[in-house]
Amino acid sequence: MHTCPVFDWEAAWHAALYGPSGFFARGEKPSAHFRTSPLVGPELAVALVELLSRVDAALGFPPVVDFVDVGAGGGELAFAVRSLATGSLAARLRVTAVELGPPVELPGVRWTSAVPECVGLLVGHEWLDSIPCPVVTGPSSDPWITRWWPSLADGAQAEVGAPRDAAWAAAVASVRGAALAVDYGHLVSSRRFTLTGYRAGRQVPVVFDGSCDITAHVALDACAAAAGGDRVLVSQRDALAALGLTGTVSGSGWEWLESAARAGRIAELRDPAGLGSFGWLLHGNGIPVSSLLPPLPPWCPDPASFPEL
Ligand SMILES: C[S@@+](CC[C@H](N)C(=O)[O-])C[C@H]1O[C@@H](n2cnc3c(N)ncnc32)[C@H](O)[C@@H]1O
């Protein structure tokens, strides 16, 4: 009897991104293929320096305070945080970019390929969506699907988020201070199959030949539970406002022009139908999350406003 070999989605996805000639492994950077919040301008970094300052204060101003950017891509966020920090924070700040692809020479940023132990703030900005997953077809007895995707219909496909849960739990455990995952995603109440490709600014069909980025939305509720502890899951729109990022236009002449451009960038980062709908999953490890953000509404991604599909 002839039986078809089972296609190993996770292995194919991994090879396509991180194998010897994989998309990210060979040095492709997001800026050539898609727009992420760090590429909009320095405003996300402004908000994260504010968050880092709150972490620093909650930790009692340690001699060295880390900003660790996991899945750093071209290092834009790490470099912006390094450049924007001032005063005592800047003097004690150590910025690390964690990246599987080749490093980029940037002043004040050290590069590594493994998440280090750290004291301060660890950020995974659009990191978890790039972690390959198995794909199953319903009905499935996979324990992750049973727990986190109970609505999976017969014949429908689903990404199994277990590798992302494990990666996030390990990252949160590696930091004393706070860990923040920022990503597009869904909740148990709004799951859907989202595996897709990106190349040169366009969404493209998934091919596992290393020619495109391959991504899928993140089950952030599952990641939150896997890492455990004190945490909140809120929208980027609300979190940025709570960190002081609300653009207003003021002044005259050139100053007015600059404030209008800045307000436009903040509006893009907070757009509820775009980047503002991203989830911010913030864990405190040794410090309370309530010392970092005020109470905010829980993240409630609207499937109709998913920015990428
Ligand atoms: C979608 S890009 C995001 C880049 C950047 N954070 C941004 O938002 O512009 C994801 C990046 O994560 C990196 N990556 C994925 N898994 C990783 C891991 N386990 N360790 C380090 N980097 C990883 C990829 O190589 C890729 O550069």
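Return the residue satisfying two criteria in turn: it lies in segment 1-19 and is open to solvent by 20 Å² or more (accessible area, probe 1.4 Å) and outside any helix (DSSP H, G or I), and of such residues it is farthest from the ligand (Cβ to nearest atom).
Top of the filtered list is 1.
Collect the residues in segment 20-33 that are within 12 Å of the ligand (Cβ to nearest atom) and in contact (Cβ under 8 Å) with a residue 60 or more places away in the chain, keeping them in residue-number order.
The answer is 22, 23, 24, 25, 26, 27, 28, 29, 30, 32, 33.
If you go through segment 175-192, how many residues are free of Cβ contacts under 8 Å to residues at least 60 places away in the same chain and either acidic (Asp, Glu) or surrounded by fewer than 17 Cβ atoms within 10 Å (Cβ to Cβ) (or both)?
Final tally of qualifying residues: 2.
From the list 277, 250, 291, 259, which one is open to solvent by less than 70 Å² (accessible area, probe 1.4 Å), free of Cβ contacts under 8 Å to residues at least 12 places away in the same chain and not basic (Lys, Arg)?
250
Against the condition touching a residue at least 60 places away in the same chain (Cβ under 8 Å) and either touching a helix residue (DSSP H, G or I) at 6+ places or on another chain (Cβ under 9 Å) or crowded, with 19+ Cβ neighbours inside 10 Å (or both), how does residue 121 come out, does it pass?
yes
Kindly check whether there is at least one residue in segment 59-73 that is at positive phi and open to solvent by 60 Å² or more (accessible area, probe 1.4 Å).
Among the residues of segment 59-73, at least one is at positive phi and open to solvent by 60 Å² or more (accessible area, probe 1.4 Å), which makes the answer yes.
Step by step: first the residues of segment 144-154, then only those that are open to solvent by less than 100 Å² (accessible area, probe 1.4 Å) and more than 23 Å from the chain's Cα centre (by Cα), then the one that is farthest from residue 190 (Cα to Cα). Which residue is that?
Top of the filtered list is 146.
Of the residues that make up segment 233-244, is at least one surrounded by 13 or more Cβ atoms within 10 Å (Cβ to Cβ), more than 18 Å from the chain's Cα centre (by Cα) and among the basic types (Lys, Arg)?
no
Determine whether residue 54 is under 23 Å from residue 281 (Cα atoms), part of a helix (DSSP H, G or I) and open to solvent by 40 Å² or more (accessible area, probe 1.4 Å).
In short, yes.
Please go through segment 129-141 and give me each residue that is buried (at least 17 other Cβ atoms within 10 Å of the Cβ) and part of a loop (DSSP other than H, G, I, E, B), ordered by number.
Answer for segment 129-141, where residues must be buried (at least 17 other Cβ atoms within 10 Å of the Cβ) and part of a loop (DSSP other than H, G, I, E, B): 131, 132, 133, 134, 140.
Out of the residues in segment 58-98 meeting the condition of being touching a residue at least 60 places away in the same chain (Cβ under 8 Å) and within 12 Å of the ligand (Cβ to nearest atom), tell me which one is nearest to residue 27 (Cα to Cα).
Checked segment 58-98; the qualifying residue nearest to residue 27 (Cα to Cα) is 70.
Does segment 40-47 include one or more residues that are near the ligand (Cβ under 10 Å from one of its atoms), assigned to a loop (DSSP other than H, G, I, E, B) and either in contact with a Pro (Cβ under 6 Å, 6 or more places away or on another chain) or open to solvent by 10 Å² or more (accessible area, probe 1.4 Å) (or both)?
No, the conditions are met nowhere in segment 40-47.
Cβ contacts < 7 Å: first residue farther than 11 Å from residue 23 by Cα, restricted to segment 198-212; second residue assigned to a loop (DSSP other than H, G, I, E, B), any location; separation 6+ or different chain. Result?
Here the result reads 200/33; 201/33; 201/34; 203/308; 204/212; 206/195, each pair linking segment 198-212 to a residue that is assigned to a loop (DSSP other than H, G, I, E, B).
The values are calculated or read from the model by the stated rules, or taken from the named source; none is laboratory data. Predicted model only: the values in this text are computed from it and were never measured. Note that we place each Cβ from the backbone using ideal geometry, even for glycine, and neighbour counts take in every protein chain shown. Protein only, heavy atoms only, side chains kept; ligands, DNA and RNA dropped before computing areas. Shrake-Rupley method; radii C 1.70, N 1.55, O 1.52, S 1.80 Å.
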